[in-house]
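Asks: Let me give you the structure first, and then I'll get to my questions.
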Amino acid sequence: MGSVTAEHISTDLQVRRIQRRIIVSLITVQAVFSLAFAMTGPLVSLIADEVTGSPGKAGLAQAMIYCGGVVFSVPLAVLAVARGRRIGIATGYFTGAVGAVLVVFGAVVSSFTAILAGAVAIGASLAGGLQVRFAATDLASTDRAGRSMGALSWGSTIAAVLGPSLMGVLEGIGGNWLPGLSGPYLAIAVVLAISACMILFMLRPDPLALARALDKEPPAPRQPLRVMLATVLRHPNVFRAILVLALVHAAMISLMNMAAIHMQHGAASLGVIGIAISIHTAAMYLPGHLIGYLADKFGPRPILLIGLVVQVLAAATLALSPAHNAVGVAAGLLLLGLGWSFGYLGGSVLLTVSVTGPLRTMAQGTSDFAMQLASAIGALLAGVVVTAFGYSVLSIAWGIGLSLLLVSLLVAWRSRATPAAD
């Protein structure tokens with residue numbers, strides 16, 4: 001299949017067969033990648049907390065992962081345009097592996113600067129991983145975009161649930177040679193490198209290159225970033241989809257990563273923290289295929305609105321759960337993950353089906369940039385808020401922000417007859 005070109009394809013049935021092969025490849029790679037990446041944010045926060053003794057600096061460390069996502073999202077998107085999804089995703093994964101090694105080095109020499117630099121590089125793997133959901137839709141018809149994205153949750157579910165649970169198991173890696181939590185980060189580096197190799201060898205033919213060859217996805221013209229942003233943000237549904245994606249993702253990142261610090265201060269063991277995060281990640285990925293189907297059947301708007309409602313409930317639950325109440329925090333994280341799944345898939349499908357051709361490529365790049373920028377700011381502020389006011393105040397703030405977004409969308413979609421792209 002690696003030698004397949006547009007000249008070899010004459011029927012829609014052949015395209016569907018290739019699409020199924022691509023989905024299987026992406027699911028497999030996503031399973032391996034998720035196994036590692038699910039541990040990166042919580043562990044880098046705990047490593048930074050051990051090195052510095054400051055929750056604020058711990059929040060800064062995990063924020064740098066999402067700063068890295070911002071830094072690398074546009075270059076990797078440009079690389080994907082020039083060389084295809086395969087090269088873009090693999091480059092992100094390899095860079096993340098190098099970053100994980102740098103975090104281990106920082107822990108060994110007690111260098112907070114090295115930990116921050118490594119976290120930024122790990123952000124490249126996040127930016128590469130975000131391209132996976134669009135790779136799943138490059139050859140898909142618009143009425144199956146949700147199912148194509150949702151299918152990737154099959155690869156993420158078991159791995160993402162198992163990953164955080166392995167934090168306690170992997171804690172002994174390195175023995176007397178590596179300090180504390182740096183052993184699991186060495187394992188993260190190895191798994192990210194394996195993921196990069198897998199995407200290079202398995203994602204054949206490249207879906208974006210083939211889609212363009214078949215005229216399913218025309219190449220985007222080269223334009224300055226400000227022109228791209230202006231063009232994309234003038235489209236109402238695209239703007240709202242990007243807004244939902246940015247805030248839903250930022251809320252999840254902010255509340256999930258600081259939950260590890262919150263529980264640790266409540267004397268929870270690493271194993272208990274890992275189980276709580278596993279519950280959260282199960283809620284993120286387990287219902288993905290069903291949610292994608294619902295988005296295709298009923299349209300993405302109600303799906304993303306449900307996501308906002310559930311995340312507001314999650315914020316309320318976390319605000320009412322003190323640090324020593326591991327069950328309450330776990331319940332809040334479960335709702336947080338479920339709300340993210342509805343909001344993330346609903347927003348991604350709305351973005352994908354609202355535009356076609358070159359504008360779709362620009363909208364995808366803009367959404368990833370906005371998501372990572374919002375996540376980085378949210379993660380950075382989370383550490384500051386928790387240090388100054390506590391985790392409950394952080395949860396309340398996100399609950400209010402998400403509620404305002406929910407109300408504004410309901411008012412906009414009820415009062416204005418916007419073109420129904422969904």
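Asks: For the stretch 222-334, calculate the relative contact order in percent as a whole number, restricting contacts to Cα pairs under 8 Å that are 6 or more residues apart.
Replies: Numbers: 68 pairs, mean separation 35.2, N = 113.
Relative CO of the stretch 222-334 lands at 31 percent.
Asks: So, one more: Per residue, what accessible area does the chain have, given a 1.4 Å probe and all protein chains present, in Å²? Write down the numbers at each step before the final one.
Replies: Details: 16000 Å² over 422 residues.
Per-residue value: 38 Å².
Asks: For the stretch 243-261 and the stretch 270-289, what is the separation of their C-alpha centers, rounded to whole Å?
Replies: Measuring centre to centre over Cα atoms gives 14 Å.
Asks: Related question: Using mean Cβ contacts within 10 Å as the protection proxy, how do 373-383, 92-102, 121-131 order, highest first? List each step's numbers first, then the result.
Replies: Working: 373-383: 23.5, 92-102: 25.5, 121-131: 27.5.
For the peptides 373-383, 92-102, 121-131, the packing ranking is 121-131, 92-102, 373-383.
Asks: Continuing with this model, one more query. For the Cα atoms of the chain, what angle does the longest principal axis make with the long axis of helix 300-319, in degrees from 0 to 90, nearest 10?
Replies: 0
Asks: May I pose another question? Whenever you get a sec, compute what percent of the accessible area on the chain sits on carbon and sulfur atoms (1.4 Å probe).
Replies: On the way: 11040 of 16000 Å².
Of the solvent-accessible surface of the chain, carbon and sulfur hold 69 percent.
Asks: Roughly how far apart, in whole Å, are the Cα centres of the stretch 103-125 and the stretch 52-98?
Replies: Here the answer is 13 Å between Cα centres.
Asks: I've got another one for you. If you take all C-alpha pairs in the stretch 236-289, what percent of them are over 14 Å apart?
Replies: Distances greater than 14 Å cover 65 percent of the Cα pairs.
Asks: Go ahead and estimate [θ] at 222 nm for the chain from helices alone: -39,500 (n - 2.57) per DSSP H run with n ≥ 4, summed, over the residue count, rounded to 500.
Replies: Numbers: 16 runs with 343 residues, N = 422.
Helix-only estimate at 222 nm: -28500 deg cm²/dmol.
Asks: While we're here: Only one of the listed values, (i) 56; (ii) 64; (iii) 47, was derived from the coordinates as percent of Cα pairs over 27 Å apart; which label is it?
Replies: (iii)
Asks: Mean separation of Cα pairs under 8 Å and 6+ residues apart, divided by the residue count of the chain: what relative contact order is that in percent? Kindly include the intermediate steps, with their values, before the conclusion.
Replies: Details: 824 pairs, mean separation 99.4, N = 422.
Value for the chain: 24 percent.
The values are calculated or read from the model by the stated rules, or taken from the named source; none is laboratory data. Here the structure is a predicted model, which means the values were calculated and not measured. All Cβ positions, glycine included, derive from the backbone under ideal geometry; neighbour counts span all protein chains shown. What goes into the accessible areas is simple: the full protein's heavy atoms, side chains included, and nothing from ligands, DNA or RNA. Shrake-Rupley method; radii C 1.70, N 1.55, O 1.52, S 1.80 Å.
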